[in-house]
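A.B. asks: I have a structure I would like to understand better, so I am pasting it below and will then ask my questions one at a time.
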Amino acid sequence: MFSDLTEKLNDIFKVIKSKGVITEKDLDNALREIKFALLEADVNYKVVKDFTKELKEELKGKELEKSLTPGQIVVEEVHKKLTEILGGQAQPLTITKTPFIIMLVGLQGSGKTTTAAKLAKFLRSKGRQPLLVACDIYRPAAIKQLQILGKQINIDVFSKENSKPEDIAKEALNYAKQNGKNVIIIDTAGRLHIDDELMEELERIKQKIEPDEILFVADAMIGQEAVNVAKVFDERVGITGAIFTKLDGDARGGAALSIMKVVGKPIKFAGVGEKISDFEPFYPDRVASRILG
Ligand code: GDP
């Protein structure tokens, strides 16, 4: 998905690496082109501005004119900075108690239900006993979808008719305790747009079961809007991290590159396809390497 950005950065690096000496003008040119490449990839404007400003300061201190491979130093610094804006150190999901409660929030269509199943399967592969919980009571199709996915991967799905989402979540917690499930993953309702009612419902669920993680599921295809929406969810409900879905698509990916700086919450996982196995933990340095090609 970062292929356009990778291509552009590689072109810039090719020019800069071919130079035996990098003058201030060469560096300014390269930085300007990097800035355009990031903006074209839909990275948040302020993030890009800070990125190039800090990169310039770092590179000034490196005394490029004294180096035999100045181009390589530029590439290494870009990698370092990219890793940093993606969150720096990987912050993997750490299960700290039993049952560990994970609540997934986000807009309708962001990939919540699919992600719930992906996450459940991933955690089971790490030796956990997950329970999926269907709290999207407004869309019977969503409950059915989770049940089908649960069956497919052989993971229990807790659902209940005619109950409030917060009560379903609470009951699911009791069910988990009684049935040896040590992680519960709650699929909540989404709307096409943010609305008060949805936020209040999420707040009620949060109050009732006190989740250990509230992960915002973001559709990478909607670009910067995903970052704006994450901000609102964070202000209203308080998120602990994000999962970007559809990173396999042809979106430009700038949202994933902006969320840590704009919202201050780490990306924990990435969805990279429609299959349940198309899911991976998010490692900023590996993603930065992938972007640099
Ligand atoms: P929800 O409304 O948030 O629960 O979203 P769904 O889980 O129903 O997902 C919406 C659509 O996105 C479905 O067609 C999923 O197959 C698709 N989807 C979810 N995650 C990914 C992903 O990582 N990559 C791709 N290509 N499609 C995805």
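A.B. asks: How many residues does the range 101-143 contain that are of a type in the set (Lys, Arg) and either closer than 22 Å to residue 237 by Cα or within 11 Å of the ligand (Cβ to nearest atom) (or both)?
C.D. replies: Matching residues across the range 101-143 total 3.
A.B. asks: Something else: What is the residue count in the range 173-210 for residues that are part of a helix (DSSP H, G or I) and at positive phi?
C.D. replies: If we filter the range 173-210 for residues that are part of a helix (DSSP H, G or I), which is where we start, we get 173-178, 196-209.
Those still in the list that are at positive phi too: none.
Total meeting the criteria: 0.
A.B. asks: Where the second residue is among the acidic types (Asp, Glu) and the first is surrounded by fewer than 19 Cβ atoms within 10 Å (Cβ to Cβ) and lies in the range 44-59, which pairs have Cβ atoms under 9 Å and are six or more apart or on separate chains?
C.D. replies: 54/84; 56/28; 58/77
A.B. asks: Still on this structure, please answer the following. Residue 132 - would you say it is modelled with pLDDT of 95 or more, touching an Asp or Glu at 6+ places or on another chain (Cβ under 9 Å) and either on the phi < 0 side of the Ramachandran plot or of a type in the set (A, V, I, L, M, F, W, C) (or both)?
C.D. replies: Values: modelled with pLDDT of 95 or more: yes; touching an Asp or Glu at 6+ places or on another chain (Cβ under 9 Å): yes; either on the phi < 0 side of the Ramachandran plot or of a type in the set (A, V, I, L, M, F, W, C) (or both): yes.
Taking the combined requirement at face value, the residue satisfies it.
A.B. asks: Also: Taking residue 237, is it surrounded by fewer than 20 Cβ atoms within 10 Å (Cβ to Cβ) and either of a type in the set (A, V, I, L, M, F, W, C) or under 21 Å from residue 95 (Cα atoms) (or both)?
C.D. replies: no
Table: residues versus (1) modelled with pLDDT of 95 or more; (2) within 22 Å of the chain's Cα centre (by Cα); (3) assigned to a helix (DSSP H, G or I); (4) within 25 Å of residue 282 (Cα to Cα).
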site	(1), (2), (3), (4)
118	yes, yes, yes, yes
122	yes, yes, yes, yes
141	no, no, yes, no
145	yes, no, yes, no
148	yes, no, yes, no
151	yes, no, yes, no
155	yes, no, no, yes
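A.B. asks: I would also like to ask the following. For the range 229-264, what are the residues that are in a strand (DSSP E or B) and more than 16 Å from the ligand (Cβ to nearest atom)?
C.D. replies: Within the range 229-264, 241 is the sole residue that qualifies.
A.B. asks: Looking only at the range 244-258, which residues are out of contact with any Phe, Trp or Tyr (no Cβ under 8 Å at 6 or more places or on another chain) and of a type outside the set (Lys, Arg)?
C.D. replies: Matches in the range 244-258: 245, 247, 248, 249, 250, 251, 254, 257, 258.
A.B. asks: Then there is this: Within the range 277-293, how many residues are buried (at least 19 other Cβ atoms within 10 Å of the Cβ) and either over 12 Å from the mean Cα position of the chain (by Cα) or away from the ligand (no atom under 16 Å from the Cβ) (or both)?
C.D. replies: Filtering the range 277-293 down to residues buried (at least 19 other Cβ atoms within 10 Å of the Cβ) leaves 279, 282-284, 287-288, 291.
Within this subset, residues satisfying the condition of being either over 12 Å from the mean Cα position of the chain (by Cα) or away from the ligand (no atom under 16 Å from the Cβ) (or both) are 283-284, 288, 291.
Selection size over the range 277-293: 4.
The values are calculated or read from the model by the stated rules, or taken from the named source; none is laboratory data. Not measured: the values here are computed from a predicted model. All Cβ positions, even for glycine, are placed from backbone atoms using ideal geometry, and neighbour counts span all protein chains on display.
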